[in-house]
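First comes the structure, then the notes that go with it.
The values are calculated or read from the model by the stated rules, or taken from the named source; none is laboratory data. This one's a predicted model, so the numbers in the text were calculated from it and none came from an experiment. No Cβ is skipped: glycine too gets one built from the backbone with ideal geometry, and neighbour counts run over all protein chains shown.
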Amino acid sequence: MRIKVAVCDSARVRYFYAEKPNGQLEEEEGQTHQRSRQKESELTTDDSGHGFNPGGGFSFGTADASKHEAQVFAREVAEKLNRAALAKEMDRLYILAPPEFLGMLRPILHSETQAVLAQTEAVNVVKEGVERIRRHLPAFL
């Protein structure tokens, strides 16, 4: 049995796995979305200092570039999880993420991914150690 745990926020994801339901979590990889870590002003201005809308045209601060970048990253995370589910690389999936990011992620998960999704929890622990992350998961995965 292969159990996968995705711990993420709008700028970072860490993937863990356990081979047994009562097994220890092992970190397998992580990813950082650099644009999500940038300040809003860095995302919405061009080199001349003019506001720029990533969707096209100039903006005067009305575009929420940070939210857009979080949505882009949510799609990247969902695509990775969807590929793993479709390839039958996991039997169960757990996702820990802040509420807003979890809200972006859930609707774009493939039905195969949702079928193996055992639990989601709205919590921000992406920067925490394995022991603290494990406390947010059931004792028997």
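Results, tabulated for the structure shown:
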| item | result |
| --- | --- |
| Filter result (surrounded by 15 or more Cβ atoms within 10 Å (Cβ to Cβ) and not in a loop (DSSP other than H, G, I, E, B)) within region 81-99 | Leu81, Asn82, Ala84, Ala85, Arg92, Leu93, Tyr94, Ile95, Leu96, Ala97 |
| Selection from region 69-115 of residues that are farther than 17 Å from Leu25 by Cβ and among the β-branched types (Val, Ile, Thr) | Val72, Val77, Ile108, Thr113 |
| Selection from region 112-132 of residues that are part of a helix (DSSP H, G or I) and out of contact with any helix residue (DSSP H, G or I) (no Cβ under 9 Å at 6 or more places or on another chain) | Val130, Glu131, Arg132 |
| Every pair of residues 6+ apart whose Cβ atoms lie under 7 Å, when the first sits in region 72-89 and is farther than 13 Å from Val116 by Cβ while the second is hydroxyl-bearing (Ser, Thr, Tyr) and crowded, with 22+ Cβ neighbours inside 10 Å | Phe73/Ser10; Phe73/Ser36 |
| Residue that is surrounded by the most Cβ atoms within 10 Å (Cβ to Cβ) [pool: residues in region 100-136 that are in contact with an Asp or Glu (Cβ under 8 Å, 6 or more places away or on another chain) and farther than 13 Å from Val13 by Cα] | Val116 |
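One line per residue, one yes/no per condition, for (1) under 30 Å from Gly129 (Cβ atoms); (2) modelled with pLDDT under 90; (3) part of a strand (DSSP E or B):
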| residue | (1), (2), (3) |
| --- | --- |
| Ala6 | yes, no, yes |
| Val13 | yes, no, yes |
| Glu27 | yes, no, yes |
| Gly30 | yes, yes, yes |
| Ser41 | no, yes, no |
| Asp47 | no, yes, no |
| Thr62 | no, yes, no |
| Ser66 | yes, yes, no |
| Val72 | yes, no, no |
